[in-house]
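Here the structure comes first, spelled out in structure tokens, and everything after it is commentary.
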Amino acid sequence: FDPYLHCKIVERQITDSERTTGGGFIQADWKVHPRVALSGGLRLQVSSQFGASLLYSGGAVFKVGEATHIKLFASSGLRPPSVVSTNVNPQTASGVSFQPNPDLDAETSRSFELEVNTTLLKDEGVIRDLYLRANGAYTLLDNVIGRPAGVYQNSDSRDILTAEAVARLRFDAGHELWANYAWTRVYDDGAVGGRLRNFAEHVTNVGGKLQFLDERIELGAVFTFKSSMIDENRPAVYDPDRPDYSLSCEAILAGALPPEHALRRACQFTTLQDGIWV
């Protein structure tokens with residue numbers, strides 16, 4: 001919409017695309033022993049876009065105590081390219097800054113997980129039970145779709161390591177206390193230093209609830225802590241008087257950003273030289 005010419009242009013963001021997708025799966029579960037259970041499955045996924053793929057999943061559960069279990073899981077996955085990455089219209093005047101790629105391969109994954117869970121202190125005094133769980137997992141992603149240099153393309157593999165711990169204490173009166181900690185680390189050769197840092201690697205949640213008047217009133221609280229992360233789109237704090245990362249054009253032109261940064265070019269416009277970029 002042009003406020004000066006009162007002209008409106010409507011353009012298609014996505015070009016026409018047709019796809020046919022289908023699939024089928026088979027699943028089997030087997031209780032080998034009162035303390036051992038197995039599960040496995042296969043899925044055939046077919047598509048006119050990326051051909052046929054055979055996916056698998058399987059797991060085993062071992063009961064090592066009255067209320068203690070060890071679980072092992074393995075699975076594979078597939079995610080086809082989105083219609084945006086293959087059919088976005090690069091000719092629009094609305095400022096689309098990336099190019100489509102109709103030859104993208106589907107992303108694939110293989111993951112493996114180990115979990116231990118148990119229930120303790122069952123019906124001990126005022127305590128209903130204490131549930132504990134810990135698990136770790138490794139996931140390998142291949143053909144990850146990104147858009148470096150403004151063009152959608154498949155990148156190299158990506159390794160993801162995760163771990164989690166959970167505790168939940170329940171009382172007979174309906175009160176609860178719980179805590180959760182999650183750790184995630186992603187290795188990617190295409191990232192600076194070989195590691196992705198644009199998310200919090202450590203996340204902790206602590207909370208609980210209190211119930212009154214036969215559970216008619218419930219009072220809950222949650223505290224969340226996240227470790228630091230890097231925002232690649234933000235410059236470092238240049239002006240101590242602006243801890244919110246905002247920058248004046250005066251500071252940008254004085255050297256707060258490198259010469260090739262787009263904001264330096266923007267600040268050279270007369271109408272923007274007094275502006276503040278947030």
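The values are calculated or read from the model by the stated rules, or taken from the named source; none is laboratory data. Values in this document were obtained by computation on a predicted structure and should not be read as measured data. Here Cβ is always computed from backbone atoms with ideal geometry, including for glycine, and neighbour counts include all displayed protein chains. Accessible surface areas use protein heavy atoms only, side chains included; no ligands, DNA or RNA. Shrake-Rupley method; radii C 1.70, N 1.55, O 1.52, S 1.80 Å.
Side notes on the structure shown:
- In this structure, the amide hydrogen of G275, modeled 1.01 Å from its nitrogen in the peptide plane, lies closer than 5 angstrom to those of C249, counting only residues at least 5 positions away or on a different chain.
- Accessible surface computed residue by residue for the chain, with neighbouring protein chains in place and a 1.4 Å probe, gives 67 Å² per residue.
- Solvent-accessible area of the chain (1.4 angstrom probe, protein heavy atoms only): carbon and sulfur portion equals 57 percent.
- In this view, the solvent-accessible surface of S48, computed with a 1.4 Å probe and all protein chains in place, comes to about 80 Å².
- Ranking by accessible area, most exposed first, for S228, S246 with a 1.4 Å probe: S228, S246
- Accessible area (Å², 1.4 Å probe, nearest 10) - L121: 80 Å²
- Equivalent ellipsoid, the chain (semi-axes from 5 times Cα gyration tensor eigenvalues, Å): 46, 32, 19
- Considering helices alone, the calculated mean residue ellipticity of the chain at 222 nm is -1000 deg cm²/dmol, with DSSP H runs of length four and up weighted by -39500 (n - 2.57) and normalised per residue.
- A Förster radius of 30 Å combined with the Cβ-Cβ distance from D142 to V32 puts the calculated FRET efficiency at roughly 0.35.
- Put E164, E107 in order of accessible area, highest first, and with a 1.4 Å probe you get E164, E107.
- Eigen-decomposition of the gyration tensor built on the alpha-carbon atoms of the range 123-213 gives equivalent ellipsoid semi-axes of 42, 13, 10 angstrom, largest listed first.
- With all protein chains modelled, accessible area of Y181 [1.4 Å, Å²]: 80 Å²
- Absence of a disulfide-compatible partner, taken as no other cysteine beta carbon within less than 4.7 angstrom, is noted in the chain for C7.
- Residue order for V166, V83 - accessible surface, 1.4 angstrom probe, largest first: V83, V166
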